[in-house]
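Peer 1: Got a structure for you, questions after.
Bear in mind that the values in this text are calculations on the coordinates, not laboratory data. None of the values given here were measured: they were computed from a predicted structure. We place every Cβ from the backbone using ideal geometry, glycine too, and count neighbours over all the protein chains shown.
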There are 2 protein chains.
Amino acid sequence: MPTAPPTEGRGKARADAGDLNLMDALAQLSFMVQGALAKRAADQDLSLIQTRLLGVLRDRRPTMQEVAQLLELDKSSVTGLINRAERRGLVQRSPSSEDRRSVHVTLSPVGRRVAQKVVRAFQHDIDAATAHLTKAERDRLRQLAASVVAEAG
Amino acid sequence: MPTAPPTEGRGKARADAGDLNLMDALAQLSFMVQGALAKRAADQDLSLIQTRLLGVLRDRRPTMQEVAQLLELDKSSVTGLINRAERRGLVQRSPSSEDRRSVHVTLSPVGRRVAQKVVRAFQHDIDAATAHLTKAERDRLRQLAASVVAEAG
DNA sequence: TATTGTTATACTCTATAACTATA
DNA sequence: TATAGTTATAGAGTATAACAATA
């Protein structure tokens, strides 16, 4: 099942690196990566979706509707998400100057700092998880992963 | 931010395959993979955690407590998870013969069939997402991903 | 009429604490 | 006492439907 997270450790890395098909390898890798990110987010009392929210706000000032599109959520879900984030001082709502129906969401300084902490810790996890690879292997992995991401768009 | 999912499409695959560092590439890939799995699960009216549950039951007959360990959930969360899955006929509880406090959880034929449908659809998604790579590149990606998974254990 | 956002409602998912029943 | 599991409770997260305000 691709749905199983990195269940039991098996030991020997390279020896076992061949016993997974592409689907299982990518599924398990994705569970590992998301698990690490979720744990680092939890260290800052953030859920994965709150962390993603802060991420998309890093260089954007979207409306509620645009947040919904970016996160692929219903607009009503975004209302609750922003309510909770705003209550914690991570983001702010501000009225649009062009369209009086719209509300823009912005990252607060606190939100930006918290997000940076998550990213730094997560970066360390990724470094540790790929430390056994050579520099060339890491770059190859980066390149292949980026290629798959770019192709899907 | 590593937390941003595959936000906007950018077009040209290979041209952009170099503009992400390893952390971002793995984070975005993981969001893509998990998103695909979640959608295929949703097609069968399953959440990601329900799908993972069916996955770990494929070749196991764990107790409630073991399910909690496998999915890294509190035992009370597992009670609810199994309740909902049992209500839908996906799994069954059966009393342990050795320890009268324990309950074993087993996959029902329906649960197994539903899980297989999710896997098949997800496999197609992975195939499509990697179709632009050469056979050698796909195998290299599989090998590197499996190596990272194995190393983390 | 169409769009933006919120509210009301219902459900899943999760954890903590208290409980029951075994061991 | 310790462990397996459930229950009670609280809260985050999600969607659908109905609504208000604005376009």
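Peer 1: Check the straight Cα-Cα distances from residue B:117 and name the aspartates and glutamates below 18 Å, setting aside those fewer than 8 residues away within the same chain.
Peer 2: By straight Cα distance, residue B:117 reaches A:24, B:43, B:45, B:59, B:125, B:127.
Peer 1: Follow-up. Measure out, as a whole number of angstrom, how far apart the alpha-carbon centroids of the stretch B:39-56 and the stretch A:44-104 sit.
Peer 2: Computed from Cα coordinates, the inter-centre distance equals 27 Å.
Peer 1: Read phi for every residue in the stretch B:50-63 and hand back ³J(HN,Hα) as whole Hz from Karplus 6.51 cos²θ - 1.76 cosθ + 1.60, θ = phi - 60°, with x for Gly and Pro.
Peer 2: So the J values, rounded to whole Hz, are 5, 5, 5, 4, 4, x, 6, 8, 4, 10, 9, 9, x, 7.
Peer 1: If the only charges are +1 at each Lys and Arg Cβ and -1 at each Asp and Glu Cβ, what is the size of the charge dipole of the protein assembly as shown around the Cα centre, to the nearest 20 debye?
Peer 2: Value, rounded to 20: 460 debye.
Peer 1: Rounded, prolate or oblate: which fits the protein assembly as shown, taking a ≥ b ≥ c as square roots of the Cα gyration tensor eigenvalues, rounded meaning a/c under 1.5, else prolate when a/b beats b/c?
Peer 2: oblate
Peer 1: Could you give me the ³J(HN,Hα) list for the stretch B:75-86, computed from phi with Karplus coefficients 6.51, -1.76, 1.60 and θ = phi - 60°, whole Hz, x at Gly and Pro?
Peer 2: For the stretch B:75-86, the Karplus-derived couplings read 4, 5, 5, 5, 3, x, 4, 5, 4, 5, 5, 5 Hz, x marking Gly and Pro.
Peer 1: Taking each residue in B:31-38, count the Cβ atoms of any other chain within 10 Å of its Cβ, then average. What number comes out?
Peer 2: Working: counts 7, 8, 13, 6, 3, 5, 7, 1.
That average works out to 6.
Peer 1: Okay, moving on. Among A:40, B:101, B:140, rank each residue by its count of other Cβ atoms within 10 Å, from fewest to most, as a rough exposure measure.
Peer 2: The fewest-first ordering by Cβ neighbours comes to B:101, B:140, A:40.
Peer 1: Once the convex hull of the C-alpha atoms of chain A is built, how many Å³ does it hold per residue, rounded to a whole number?
Peer 2: Details: hull volume 22.5 nm³, N = 153.
About 147 Å³ per residue, rounded to a whole number.
Peer 1: What number comes out for the charge environment of residue B:58, summing +1 per Lys or Arg and -1 per Asp or Glu over other residues with Cβ under 13 Å away?
Peer 2: Result for the local shell: +3.
Peer 1: I need the phi-derived Karplus couplings for the stretch B:44-49: 6.51 cos²θ - 1.76 cosθ + 1.60, θ = phi - 60°, integer Hz, Gly and Pro marked x.
Peer 2: Residue by residue, the stretch B:44-49 yields 9, 6, 10, 7, 4, 6 Hz.
Peer 1: Here is a further query. Using a Förster radius of 45 Å, what is the FRET efficiency between residue A:117 and residue B:102 based on their Cβ-Cβ separation? Nearest 0.05, please.
Peer 2: Result of the calculation: an efficiency of 0.65.
Peer 1: Amide H to amide H, which residues 5 or more places from residue B:104 or on other chains are under 5 Å from it, using H placed in the peptide plane?
Peer 2: B:94, B:96
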